[in-house]
Number of protein chains: 2
Amino acid sequence: MDNYQASLDSIFHALADPTRRAVIQRLGQGEASVSDLAMRFDMALPSFMKHIGVLEVAGLIGSKKVGRVRTCKLEPTKLAVVEKWYDDQRAIWDARYKNLDNLLNNLKGK
Amino acid sequence: MDNYQASLDSIFHALADPTRRAVIQRLGQGEASVSDLAMRFDMALPSFMKHIGVLEVAGLIGSKKVGRVRTCKLEPTKLAVVEKWYDDQRAIWDARYKNLDNLLNNLKGK
DNA sequence: TTGATAGTTATCCATGTGGCTAACTGTACC
DNA sequence: GGTACAGTTAGCCACATGGATAACTATCAA
């Protein structure tokens, strides 16, 4: 399996969890520390950190640690891969309906 | 957790697998029977059927059985939920950058 | 230097996921 | 009827996932 497919796997998997989507949503408004983010969720910190890890492996967020606080930020370019996949997909079925249209027009003797 | 979130869970989970994405891609070109679809994959039928099941539970595909053959078709409207989620997301960070622009303009004394 | 704060690491656990084989059901065809 | 074909059901297995607790490290502040 090529790299793009593996990337889609990890991105979609990362998005298939409400906690992780909420983190992405929150980070859309600006950077935040891990504990700022964690506050909103009824979950032990280590559990929450796993979600951060999944998002980071997928490349959807980045983080850097200064002093003892790790600050996370969104990586919108990586999220855009989702839209690209969707657009590619839509192109396929658009082409199909276009072909159906042509077929119908031909049948009408147009 | 509300229904929309649960729906996103199952949709993104369904998409987080290369076999299932390939099925969606194939169905974008038109309907196909289970065994037509399965042919392309090096996998036992029952294993493949699970993927079909996951896609169907997520609502991304539909199927009907006539005689002994089950025919599957794409449900593009359900796939569109992915784009809606992405657009909602982008709206959030677009708003943020817009605010940053305003801030910068104010600082410039404009 | 002593707390308190912010993460991190190490385990552990129940459940889910993705694959398999074997055996079964129902339909089509000769 | 008998056989082949298209799915389906049942059960098995290894591994991943999402949660937990306990104990640790490192930094900041009094």
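Quick note: the coordinates plus some simple rules give every number you see, no bench work behind them. From a predicted model like this one, the values you see are computed outputs, not experimental measurements. Please note: Cβ atoms are built from the backbone with ideal geometry, for glycine as well, and neighbour counts cover all protein chains shown.
What are the nm distances, shortest first, from B:GLN29 to its equivalents in the other copies, labels at 7 Å along Cα→Cβ?
Those separations, rounded to one decimal, come out as 4.6 nm.
Can you give the calculated 222 nm mean residue ellipticity of chain B, where each DSSP H run of n ≥ 4 adds -39,500 (n - 2.57) and the sum is split over every residue, rounded to the nearest 500 deg cm²/dmol?
That comes out to -22000 deg cm²/dmol.
Give the average, rounded to an integer, of partner chain Cβ atoms located within 10 angstrom of each Cβ in B:84-92.
Average neighbour count from other chains, rounded to a whole number: 4.
Shortest first and in nm with one decimal, please list how far the A:PHE41 label point sits from its counterparts in the other copies (point 7 Å along Cα→Cβ).
A:PHE41 label point versus its equivalents elsewhere: 2.9 nm.
Under 28 Å between alpha carbons: how many lysine pairs meet that in region A:3-107, if sequence neighbours fewer than 8 apart on the same chain are excluded?
Summing the qualifying lysine pairs gives 12.
Per residue of region B:77-89, in order, report the coupling 6.51 cos²θ - 1.76 cosθ + 1.60 (Karplus, θ = phi - 60°) as ³J(HN,Hα) in whole Hz, putting x for Gly and Pro.
Values, residue by residue: 5, 6, 4, 5, 4, 4, 5, 4, 4, 5, 4, 4, 4 Hz.
Going through region A:67-100, which trypsin sites (Lys or Arg not before Pro) have at most 11 other Cβ atoms within 10 Å and a DSSP loop state?
Here the trypsin sites (Lys or Arg not before Pro) that fit, given the DSSP loop and packing criteria, are A:ARG68.
Which angle between 0 and 90 degrees, to the nearest 10, do you get for helix B:45-57 versus the longest principal axis of chain B when only C-alpha atoms count?
Taking the Cα atoms of chain B, the angle to B:45-57 is about 40 degrees.
What order do you get for B:ASP36, A:ASP2, A:ASP9 when you list them from fewest to most C-beta neighbours inside 10 Å?
Numbers: B:ASP36 13, A:ASP2 7, A:ASP9 17.
Final ranking by Cβ density, sparse to dense: A:ASP2, B:ASP36, A:ASP9.
Using only alpha carbon pairs under 8 Å that are at least six residues apart, calculate the relative contact order of chain A and give it in whole percent.
Computed value for chain A: 27 percent relative contact order.
Looking only at other chains, what is the average number of their beta-carbon atoms within 10 angstrom of each beta-carbon in B:4-12?
3
Sticking to Cα atoms, compute the Rg of region A:3-107 to one decimal and its Dmax as the biggest Cα-Cα distance, whole number, in Å.
19.0, 72
Which whole number gives the average, over all residues in A:14-27, of C-beta atoms from other chains lying within 10 Å of the residue C-beta?
The mean count of partner-chain Cβ atoms within 10 Å per residue comes to 4.
Compute the separation of the alpha-carbon centres of region B:1-31 and region A:29-68 and state it in Å as a whole number.
Here the answer is 26 Å between Cα centres.
Using the 2.2 N^0.38 Å rule of thumb for compact globular proteins, work out how the protein assembly as shown stacks up: its C-alpha Rg over that value, please. It would help to have the intermediate numbers written out before the result.
Working: Rg = 21.1 Å, N = 220, 2.2 N^0.38 = 17.1 Å.
So the Cα radius of gyration is 1.23 times the expected 2.2 N^0.38 Å.
Mind putting a number on the dipole of chain B about its Cα centre? Charges go on the C-beta only, +1 for Lys and Arg and -1 for Asp and Glu, and I need it in Debye to the nearest 20.
180 debye
So, with +1 on the Cβ of K and R and -1 on the Cβ of D and E, and no other charges, what is the size of the charge dipole of the protein assembly as shown about its Cα centre, to the nearest 20 debye? Can you show the working numbers first?
Values: 34 positive and 26 negative charges, 39 e Å.
The dipole of the protein assembly as shown has a size of about 180 debye.
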